[in-house]
Amino acid sequence: MGEKKNGHAPPTNGNTAGGSQYSIDLNTFSRRLEALYTHWHDHRDDLWGSSDVLSISTAPPSEDLRYLKSSAMNIWLLGYEFPETIMVFGTKQIHFLCSQKKASLLDVVKKSAKVAVNVDVVMHVKKGKSDDGSALMDAVLLAVRSEARSDGRDAPVIGYIAREPPEGKLLETWASKLKNSGLQLVDITNGMSDIFAVKDQTEITNIKKAAYLTASAMKNYVVPKLEKVIDEEKKVTHSSLMDETEKAILEPARVKVKLKAENVDICYPPIFQSGGSYDLRPSATSNDDNLYYDSASSIICAVGSRYNSYCSNVARTFLIDSNAIQIKAYEDLLKAQEAAISALRSGNKVNAVYQAALAVVKKNAPEFVANLTKSAGTGIGLEFRESGLSLNAKNDKLIKPGMVFNVSLGFQNLHMEIGNPKSQNFSLLIADTVNVTPSGCEVLTQLSSKSVKDIAYSFNEEEDGIEQLPSKDVLNVKDNVFSKATLRSENHESKEELRRQHQAELARQKNEETLRRLAGVGSGSENNRGSVRGSSELVAYKSVNDLPPPREMKIQIDQKHEAILLPIYGNMVPFHVSTIKTVSSQADPSRNCYIRILFNVPGTPFNPHDANTLKNQGAIYLKEVSFRSKDPRHISEIVQQIKTLRKNVNARESERAERATLVTQEKLVLAGNRFKPIRLTSLWIRPTLGGRQKNKLAGTLEAHVNGFRYSTSKSDERVDILFGNIKHAFFQPAEKEMITLLHFHLHHHIMVGNKKTKDVQFYVEVMDVVQSLGGGRRSTYDPDEIEEEQRERDRKNKINMDFQNFVNRVNDMWGQNQFKGLDLEFDQPLRELGFHGVPYKASAFIVPTSGCLVELVETPFLVITLSEIEIVNLERVGLAQKNFDMAIVFKDFKRDVMRIDSIPSTSLDGIKEWLDTTDIKYYESRLNLNWRPILKTIMDDPEKFVEDGGWEFLNLEASDSDSDHSQESDQGYEPTESDEPESESEDDDSDSESLVESEDDEEEDSELDSEEDKGKTWDELEREASNADREKGAEYDSDEERRRRKKTFGKGRVGPGSSAPKRPKFR
């Protein structure tokens, strides 16, 4: 691919833009240069042709789509393609022969190369365009010969890329020099293929982005385009479809993908084929024939895109008014491709992939074996086809984690005896990009569906008289054809039906994904609640000599050593303040005052064993001591001093324990003189840095080399947030809120003041709180009032604009090459999709973003990553309900289910539509579920969970059709006060053994209990109920459920015709 398209080549000699806008990522360069030399050393004889020197020369720029290993090495090692550049790698020196501008760019790698592999970088700079570099080449060959002699070799063996013929005057001269040098030349293609095969995390991220773009282009552009063309019966050529699809890929926003257009390119011109003429080779092209979509026709579409020069591919076949033969062939091909993908596991041989696909075809459709493609695809990465990783029957290389494959299978030139000659011959092709992981594999293009119901279309309402020859291979195939949609205007399916179909497909995918994720994962310990919390050993005085000299036999407070000295039997005995549990004072009628001190004693209630008590098990502990004094003022001062000291020590130890659990992070690198940091002033921070809210100071947020720094005028008030620790970044301008904010959700906790947090927010209040001193109402037309409102609007707009400028500049910085692996970009909430709910204790406005569900105004903040969600269950959904609840189940089943309560029922359709468009499977239920035992059951036996239908037990429609009593339970329903959104008793208690409870069940149980327990007092009934609750549900109750149950119990109704018994008074 030419560098003008992909944006990965620095300027050539004629481009006066200069190289300042390009920078080489030295960390990546050092890491990969070391990997290159290590691989070369370890596999010198078997893959690198026993070469002593590696020569890699890059061709001049070209607008043609081509994949050269020399260009791939440039991008892999340096991050850019350097046309007309010669690189010679030796054991002691690396030589670059290039123009002056390229040399100035490459000059920064000298130090890194020396540190990484202990080699010197030598620059050979051409004087101008007229210089053919002949003299410089002689100098390079002389240095290579000299290096070989110093290593004890007569003549070096030079490795080069034999399959790339020289292009341009410079490379032709270099090829002639090598040929006439008398040195042995060997091919190093195999070595380069092997080192490109296993991708690092940065490369995987680039391929995932490319795959997402490719699948989105297929789903959001190609499929709707074909549907519109066929439905409107337009005449469109394959080549015009190719051109329009290419333009859509190069503008990612058109396919609903947020990627920068300058980082995006196509792998090849999109391929469209139909009408009986098909070519399943990767080199196929789209001809100028019209798209053919009559009955029993097939349309093959293949799309490939690149992100940062890394490739991905997807291919789909669409069947139009298909017959049984086509459906059976497609189903067999789909099974073969799924078998090939399943065989892509670490440790398997490459040929096992094709053999797995071939075995499926031989078993299910032996008549199609001859039509099966001879390869199941190839490796994919910087090259669209990695030559060393062809998925054929002969390749015996081992599959390793980090390899990425284009798994492509097809049936070529299948034949049917039907009346239409253009439909007699048809071909099928399915291709996906698949990443090999340590535990299996991951299909990166699964966003584009390939199931039969999504690729088979039915347009004819009457039978067209297609003749189908009876065949024993087709007798067991259903005559009816599964169709995705009938696109005639009079037969449009409702939006709800399409959503239901999509949700059914998501359910199948989700069950398979859950089984793969949980396979081999033991339940382990459910939590660490019973673990002993360790504490550091606190010592007041290391020796007797450190004790302060006795002044009086009175209680003394030693603030320096954090100790209390008590007079006991004529001696001052020290106690560290942390050993004191409580201290109190009391006066008696005789005007004497008493001070009572209780100590922490192991074994007593609320005093669990810690590390110190376990170490001193044979010690004798003092439980309590009391003193009498006639000076009440002195006693009060002592009590206050002990309480204050104890509070300070506990706060310090708590902060120390919090800091001990923090993940060690790299240090912030300040901008210094390299560039001026991006700055945003007059910001407040949440959580606060300590102290009283009214005494807090505004600060400044600065973007430095590898992170942000927030600081105030106080030198000790500073917070550093590293780019590598940012999981999500949000910008929310003030519209209906009082603040404009930047919010960072982090991977690991940091300390803000003395608080440990994963969420840090910087904000500005856009409106000042003004109180009218006169107390009277002001007129709407009051000029002062109008002017004040205008000032507030101007202030809000200015603040929003300042924040927007800061965000844009930071986004531009994050778009640089060294930050691309972090995948950072400020996300903005989509207010039109927002809804009201209660995520914690108070109602809040919850808003989706492109990748999260957030509430950033009220504390505690809510940030839920959509990719971490397993399923969403919408609970208490009913016709007569004014609101419902949302239970969010995460992929990590050990994580508590997140509940958002009291969502207005008017938001239900919008939430369902949003969940469906973000490919999140949702269910609906009439009752609240107790999720802890459900998740525990799934983790204990995930295979049985999938066999029983997986998450389909939550399917309200399925459960209604299977239940004989569903109608009876709904009859007789009457609205009560509990349906009001203000009621706190809406949340049903979920502490019983059953997964769900209804109010009807509770009322029936209470009636039975009242008959059996007639004559018992309310106290007895209450004790029995509490005992039963402890026996049944205490194991799974969370703190939130206990609080909710306590609220509900406190508002429970008393028995009919009676009042709650009064508690007897004791005198």
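The values are calculated or read from the model by the stated rules, or taken from the named source; none is laboratory data. This structure is a prediction, so every number in the text was calculated from the model and none was measured. Here the Cβ positions follow ideal geometry from the backbone for every residue, glycine too, while neighbour counts run over all protein chains shown. Heavy atoms of the whole protein, side chains included, go into the accessibility calculation; ligands, DNA and RNA do not. Shrake-Rupley method; radii C 1.70, N 1.55, O 1.52, S 1.80 Å.
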Picking from VAL863, VAL810, VAL854, the residue that is outside any strand (DSSP E or B) and touching a strand residue (DSSP E or B) at 6+ places or on another chain (Cβ under 8 Å) would be VAL810
Please specify each residue of the stretch 135-166 satisfying the condition of being part of a loop (DSSP other than H, G, I, E, B), among the charged types (D, E, K, R) and either at positive phi or buried (at least 17 other Cβ atoms within 10 Å of the Cβ) (or both). GLU164
Just one of GLU968, GLU957, GLU913, GLU974 is at pLDDT below 50, part of a helix (DSSP H, G or I) and not hydroxyl-bearing (Ser, Thr, Tyr); which is it? GLU968
Of residues in the stretch 689-727 being at pLDDT 90 or above and hydrophobic (A, V, I, L, M, F, W, C), the one surrounded by the most Cβ atoms within 10 Å (Cβ to Cβ): PHE708
With respect to ASP909, is the statement that it is open to solvent by 20 Å² or more (accessible area, probe 1.4 Å), in contact (Cβ under 8 Å) with a residue 12 or more places away in the chain and over 27 Å from THR757 (Cβ atoms) true? no
Can you name every residue in the stretch 80-94 that is over 37 Å from the mean Cα position of the chain (by Cα) and either open to solvent by less than 10 Å² (accessible area, probe 1.4 Å) or on the phi > 0 side of the Ramachandran plot (or both)? GLU84, THR85, ILE86, MET87, VAL88, PHE89, GLY90, ILE94
Exactly one condition in (1) open to solvent by less than 10 Å² (accessible area, probe 1.4 Å); (2) hydrophobic (A, V, I, L, M, F, W, C); (3) within 37 Å of the chain's Cα centre (by Cα) is false for ALA352; which is it? (1)
Does GLU735 fit the bill of being under 19 Å from PHE826 (Cβ atoms), out of contact with any Cys (no Cβ under 9 Å at 6 or more places or on another chain), open to solvent by 10 Å² or more (accessible area, probe 1.4 Å) and modelled with pLDDT under 90? yes
Matching residues in the stretch 855-876 - criterion: being among the β-branched types (Val, Ile, Thr), surrounded by fewer than 19 Cβ atoms within 10 Å (Cβ to Cβ) and more than 12 Å from PRO839 (Cα to Cα): THR865
Inter-residue pairs, beta-carbon under 9 Å, first open to solvent by less than 60 Å² (accessible area, probe 1.4 Å) and in the stretch 794-817, second assigned to a helix (DSSP H, G or I) and among the charged types (D, E, K, R), 6+ apart: TRP814/LYS820; GLY815/GLU262
I'm told LYS258 meets every condition in (1) of a type outside the set (Val, Ile, Thr); (2) loosely packed, with under 15 Cβ neighbours inside 10 Å; (3) within 21 Å of LEU444 (Cβ to Cβ); (4) free of Cβ contacts under 8 Å to residues at least 40 places away in the same chain except one. Can you identify the failing condition by its number? (4)
Pairs returned, first residue in the stretch 572-584 that is in contact (Cβ under 8 Å) with a residue 40 or more places away in the chain and closer than 19 Å to TYR594 by Cα, second residue that is open to solvent by 40 Å² or more (accessible area, probe 1.4 Å) and of a type in the set (S, T, N, Q), beta-carbon separation under 8 angstrom, 6 or more apart or interchain, are ILE580/ASN600
Suppose we filter the stretch 794-822 for residues that are closer than 30 Å to LYS199 by Cβ and in contact with a Phe, Trp or Tyr (Cβ under 9 Å, 6 or more places away or on another chain); how many remain? 8
Tally up the residues in the stretch 22-62 that are part of a loop (DSSP other than H, G, I, E, B) and either touching a Pro at 6+ places or on another chain (Cβ under 9 Å) or β-branched (Val, Ile, Thr) (or both), please. 8
Inside the stretch 557-574, can you point out the residues that are closer than 16 Å to ASN648 by Cβ and open to solvent by less than 40 Å² (accessible area, probe 1.4 Å)? ILE557, ASP558, GLU562, ALA563, ILE564
Which of the numbered conditions does LYS179 fail, given that it passes all the others? Conditions: (1) modelled with pLDDT of 90 or more; (2) open to solvent by less than 40 Å² (accessible area, probe 1.4 Å). (2)
